[in-house]
Amino acid sequence: MQFFDSNGGRAVASVNDGVARMVNGATSVYELANAALNNNGGLAALIEAQGLGETVDRDVILAEGRMLSPIDHPDPAHLYVTGTGLTHLGSAATRDAMHKSNGTKTADNLTDSMKMFRMGLEGGKPADGIKGVQPEWFYKGNGYTVVNPGHPIPSPGFALDAGEEPEIAGIYVIDRNGQPRRLGFALANEFSDHVTERVNYLYLAHSKLRACSFGPELRVGDLPRHIEGMSRIYRDGQVLWEKPFLSGEDNMSHTIANLEYHHFKYDLFRTPGDIHVHCFGTATLSFADGISTQPNDVFEIEEKQFGSALRNPIRVDQERPVIVGNLY
């Protein structure tokens, strides 16, 4: 995890068995990753070589607003946030209901969402060496849209909804040869505008152009096959809504490898030095249960295998006038 220390300087800690200890001489996970790449060794070996220092209290760091996202880029424009949808068993139900209400059925009496979901069920988990069906894909933003854990997620004044999406995100750095290198996985709130999406399925791209948050911790190693966390919304200190969310390949219609291939097959996404935060989708939304959030509501996404919970309040921003000027 990354955070500001008590003096305001950047620091990195390694968390093992719930105990967080400073990584000696480290101020950036991105710098650690690049050093590991340059040394042709792994991240764990580099951290072991640098050594661990004093113990730090994650709860205090979060309470004092000092936690950072578990990776960032010196130039935020070189961090991509993207995602895939309709990847989890049951994830098509809400979409299907939305699009049936709008009459957007296909010729075979299925909505586009249900048709794509079925494509994933049939071809999202190919055998080794076989290319599976490509998923739904969307662009969410860059490093400027990432909100640190514990800090308010802004919803623009023109938004029609401010809804959470509890997900797992893969974290990647592109090495100097253009090869994606996975650092690990993190909890993510792929914050979206579901009312805008419901107006028309072609507004999906608009509904995803919102801020997001991920972390607080980066889980290294392979993704557990079964992930069962809890998504909650607090209002005035009380639980307004809560529901379990499932992830991991046992609960998905695609393999992680298939989702990664269909993202990184594009040359654009293999630019050396870039960071990619790729959200893998969800099947749990408070919006599906009729919840409409309000300013100062607090999202909480928790799964013990990923360490500390990800919490963010909602802030609604005023819409700013957009003036396009000529330059002759």
No solvent, one uniform scatterer per C-alpha: report log10 I(q)/I(0) for the range 220-328 via the Debye equation at q = 0.16 1/Å, two decimals.
-0.95
Connecting every pair of Cα atoms under 10 Å apart in the chain and solving the GNM, the largest mean-square fluctuation among L223, L62, L268 falls on L268
Quick one: angle between helix 112-123 and the longest Cα principal axis of the chain, in degrees between 0 and 90, rounded to 10, please.
60
Amide H neighbours of G141 under 5 Å, at least 5 residues apart or on other chains, H built in the peptide plane: list them.
V81
When the chain is treated as a GNM, springs tying every alpha-carbon pair under 10 Å, which of I47, I275, I168 comes out with the largest mean-square fluctuation?
I47
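If a/c stays under 1.5 just call it rounded; otherwise compare a/b with b/c (prolate if a/b is bigger, oblate if not). Do that for the range 117-162, with a ≥ b ≥ c from the square roots of the Cα gyration tensor eigenvalues.
On the way: a/c = 3.64, a/b = 2.39, b/c = 1.53.
Prolate.
What's the magnitude of the charge dipole for the range 242-328 around its Cα centre, counting Lys and Arg as +1 and Asp and Glu as -1 at the beta-carbon? Answer in Debye, nearest 20.
Result for the range 242-328 is approximately 240 debye, rounded to the nearest 20.
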Tail fraction, Cα-Cα pairs, the chain, threshold 26 Å, whole percent
48
With θ set to phi - 60°, apply the Karplus curve 6.51 cos²θ - 1.76 cosθ + 1.60 along the range 193-208 and write out the HN-Hα couplings as whole Hz, x wherever there is a Gly or Pro.
10, 6, 5, 4, 4, 5, 4, 6, 4, 6, 8, 3, 4, 5, 5, 8
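With a 1.4 Å probe and all protein chains left in place, how much accessible area per residue does the chain have, in Å²?
Accessible area per residue, the chain: 48 Å².
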Along the range 139-145, what does the Karplus equation 6.51 cos²θ - 1.76 cosθ + 1.60 (θ = phi - 60°) give for ³J(HN,Hα), rounded to whole Hz, x for Gly and Pro?
9, 10, x, 10, x, 6, 9
Would you look at the GNM of the chain, springs on alpha carbons closer than 10 Å, and say which of P244, P224, P152 moves the most?
P224
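Roughly speaking, to the nearest percent, how much of the chain's 1.4 Å accessible area is carbon and sulfur? Don't skip to the end; give the middle numbers.
Working: 7920 of 15690 Å².
Summing carbon and sulfur atoms, their accessible area is 50 percent of the total for the chain.
Please list the equivalent ellipsoid semi-axes of the range 1-79, computed as the square roots of five times the alpha-carbon gyration tensor eigenvalues, in descending order and whole angstrom.
Output for the range 1-79: semi-axes of 20, 17, 10 Å.
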Long-range amide H partners of E136, meaning residues 5 or more apart or on another chain whose placed amide H is closer than 5 Å, are G85
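Would you work out the charge dipole size for the chain about its Cα centre, treating the Cβ of every Lys and Arg as +1 and the Cβ of every Asp and Glu as -1, and quote it to the nearest 20 debye? Before the final figure, lay out each step's value.
Values: 29 positive and 41 negative charges, 129 e Å.
My answer is approximately 620 debye.
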Helix axis angle, 92-101 relative to the chain longest principal axis, alpha carbon, degrees
40
Any residue on another chain or 5+ positions along whose placed amide H is under 5 Å from the amide H of L183 is listed here as I171, Y172, V173
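Compute the Cα gyration tensor for the range 11-51, then decide on rounded, prolate or oblate, letting a ≥ b ≥ c be the square roots of its eigenvalues: rounded whenever a/c is under 1.5, prolate when a/b is larger than b/c in the other cases, and oblate in all that remain. Don't skip to the answer; put the middle values down first.
Working: a/c = 2.21, a/b = 1.63, b/c = 1.36.
Note, shape of the range 11-51 comes out prolate.
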Which whole-number percent is the relative contact order of the range 132-288 (Cα, under 8 Å, 6+ apart)?
30
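The values are calculated or read from the model by the stated rules, or taken from the named source; none is laboratory data. Keep in mind the model is a prediction, meaning the values are calculated, not measured. Neighbour counts run over all protein chains shown; Cβ positions are idealised from the backbone, glycine included. These accessible areas exclude ligands, DNA and RNA; they are computed on the full protein's heavy atoms, side chains included. Shrake-Rupley method; radii C 1.70, N 1.55, O 1.52, S 1.80 Å.
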